[in-house]
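Report on one structure; see the data block that follows.
The values are calculated or read from the model by the stated rules, or taken from the named source; none is laboratory data. For clarity, every value in this text was computed on a predicted model and none was experimentally measured. Reconstructed Cβ throughout: ideal geometry from the backbone, glycine too, with neighbour counts over all protein chains shown.
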Amino acid sequence: MYETVQRVLVTGGSGTLGSQIVASLKTAGVPVVAPTHQAVDLTDARAVAAMVETVAPTQIINCAAQRRPDLCESEDASVIALNVELPQRLAQTGIPLVHISTDYVFNGANAPYDEAAPRRPLNAYGRQKAMAEALIEHLSHVLILRVPILFGPISNLENSAVTVLAANLIKARGASVWMDDIAVRYPTFTGDVARQLLALLPEVGKRYSGIYHYSGAEPMTKFMMGVTMAPLIGCATEQCLPDHRPPTVPRPYDCHLSTRKLRQTGCFVEPTPFATAILQTLASR
């Protein structure tokens, strides 16, 4: 299956998704290189070019991004370099590329969204990811995979927008924690995304290119996620309080991604139910 996959370069390999992809590739016996932030400055064009030349990958998976909407609002040079310029630089190598994008390219007013839906982001993070997509989506060797909010095994619960809810409950020591109960999200297990990427990878730039969507199937607010997680970490569900205040940075109401196109490939990976996957995630700590 992986005859054409000889060496994979994963950028952002220490993140929530990237670390799971690296682990899955290694388990499958696929050689993988994932330089650390300290080893390679991904905001530096010359460093990126040297990295690609040294690794000489047959495929690239780009998970690197500044994904926190609050931090993206500054739109400073380092954020733009990571979220917009890096995907373009990697695509310009001509090497088959999987670029991870987001449901935040949509405004959340017309869900579900298919791949051809107009991009109408509400915040800087969404705009940056939309700009990156527009720069590379026409290239035949590039596959853009949009995903929603992610969670999975991670050393620090605070590094995921899902598991940070559990971290906040633990730190509160029985006190109440406000959790957003407005935006509808579709929490998606990184293990599922990694398995989906492994299924697609050998045919990226051949059978598969353009934009695809992958998503969990269960609509949940962060409050609902917190209520599900609380008893798994020894906390009371009553600690979770529904927050209906508008966010500081605009966030879409419901960006449900249609997975119909990916399902039609015949290699779709069915998402793991949230309760099952979050139990596995929290148990891995």
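Residue by residue, here is whether (1) touching a Pro at 6+ places or on another chain (Cβ under 7 Å); (2) more than 30 Å from VAL8 (Cα to Cα); (3) in contact (Cβ under 8 Å) with a residue 40 or more places away in the chain; (4) of a type in the set (Asp, Glu) holds:
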residue: ILE170; (1), (2), (3), (4): no, yes, yes, no
residue: SER215; (1), (2), (3), (4): yes, no, yes, no
residue: PRO231; (1), (2), (3), (4): no, yes, no, no
residue: THR237; (1), (2), (3), (4): yes, yes, no, no
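If you take the residues of the stretch 172-196 that are in contact with a His (Cβ under 8 Å, 6 or more places away or on another chain) and part of a loop (DSSP other than H, G, I, E, B), which of them is farthest from MET225 (Cα to Cα)?
In this case the residue turns out to be ILE182.
Determine which member of the set ALA124, ALA111 is out of contact with any helix residue (DSSP H, G or I) (no Cβ under 6 Å at 6 or more places or on another chain) and surrounded by 16 or more Cβ atoms within 10 Å (Cβ to Cβ).
Numbers: ALA124 fails: out of contact with any helix residue (DSSP H, G or I) (no Cβ under 6 Å at 6 or more places or on another chain).
ALA111 is the lone residue from the list that is out of contact with any helix residue (DSSP H, G or I) (no Cβ under 6 Å at 6 or more places or on another chain) and surrounded by 16 or more Cβ atoms within 10 Å (Cβ to Cβ).
Return the pair list, or none, for Cβ contacts closer than 6 Å from residues in the stretch 272-285 that are touching a residue at least 40 places away in the same chain (Cβ under 8 Å) and surrounded by 12 or more Cβ atoms within 10 Å (Cβ to Cβ) to residues that are small (Gly, Ala, Ser) and not in a helix (DSSP H, G or I), at least 6 apart or on different chains.
Close Cβ pairs satisfying both conditions: THR281/GLY152.
Test ILE100 against the criterion of being free of Cβ contacts under 8 Å to residues at least 60 places away in the same chain, in a strand (DSSP E or B) and either on the phi < 0 side of the Ramachandran plot or among the charged types (D, E, K, R) (or both), and give yes or no.
no
Is at least one residue of the stretch 122-142 among the polar types (S, T, N, Q) and either in a helix (DSSP H, G or I) or modelled with pLDDT under 95 (or both)? Spell out the reasoning first.
Step one: filter the stretch 122-142 for residues among the polar types (S, T, N, Q), giving 123, 128, 140.
Okay, now just the ones that are also either in a helix (DSSP H, G or I) or modelled with pLDDT under 95 (or both), so 123, 128.
Within the stretch 122-142 (the criterion being among the polar types (S, T, N, Q) and either in a helix (DSSP H, G or I) or modelled with pLDDT under 95 (or both)), the answer is yes, since at least one residue qualifies.
What's the number of the only condition in (1) within 20 Å of the chain's Cα centre (by Cα); (2) in a helix (DSSP H, G or I) that VAL48 fails to meet?
Against the list (1) within 20 Å of the chain's Cα centre (by Cα); (2) in a helix (DSSP H, G or I), VAL48 comes up short only on (1).
Here's a check for you: in the stretch 51-91, which residue that is of a type in the set (Asp, Glu), under 13 Å from TYR125 (Cα atoms) and in contact (Cβ under 8 Å) with a residue 12 or more places away in the chain is surrounded by the most Cβ atoms within 10 Å (Cβ to Cβ)? Break it down into steps so the answer makes sense when it comes.
Here is the first cut: in the stretch 51-91, the residues of a type in the set (Asp, Glu) are 53, 70, 73, 75-76, 85.
Add one more test, that the residue is under 13 Å from TYR125 (Cα atoms), and what stays is 70, 73, 75-76.
If we keep only those that are in contact (Cβ under 8 Å) with a residue 12 or more places away in the chain as well, we get 70, 73, 75.
Working: ASP70: 12, GLU73: 15, GLU75: 13.
Top of the filtered list is GLU73.
Please count how many residues of the stretch 109-121 are assigned to a loop (DSSP other than H, G, I, E, B) and either out of contact with any Phe, Trp or Tyr (no Cβ under 8 Å at 6 or more places or on another chain) or of a type outside the set (D, E, K, R) (or both).
Adding up the residues that qualify gives 9.
I need the full set of residues from the stretch 218-252 which are exposed (fewer than 15 other Cβ atoms within 10 Å of the Cβ) and touching a strand residue (DSSP E or B) at 6+ places or on another chain (Cβ under 9 Å), in order please.
Result: PRO219, LEU241, HIS244, ARG245, PRO247.
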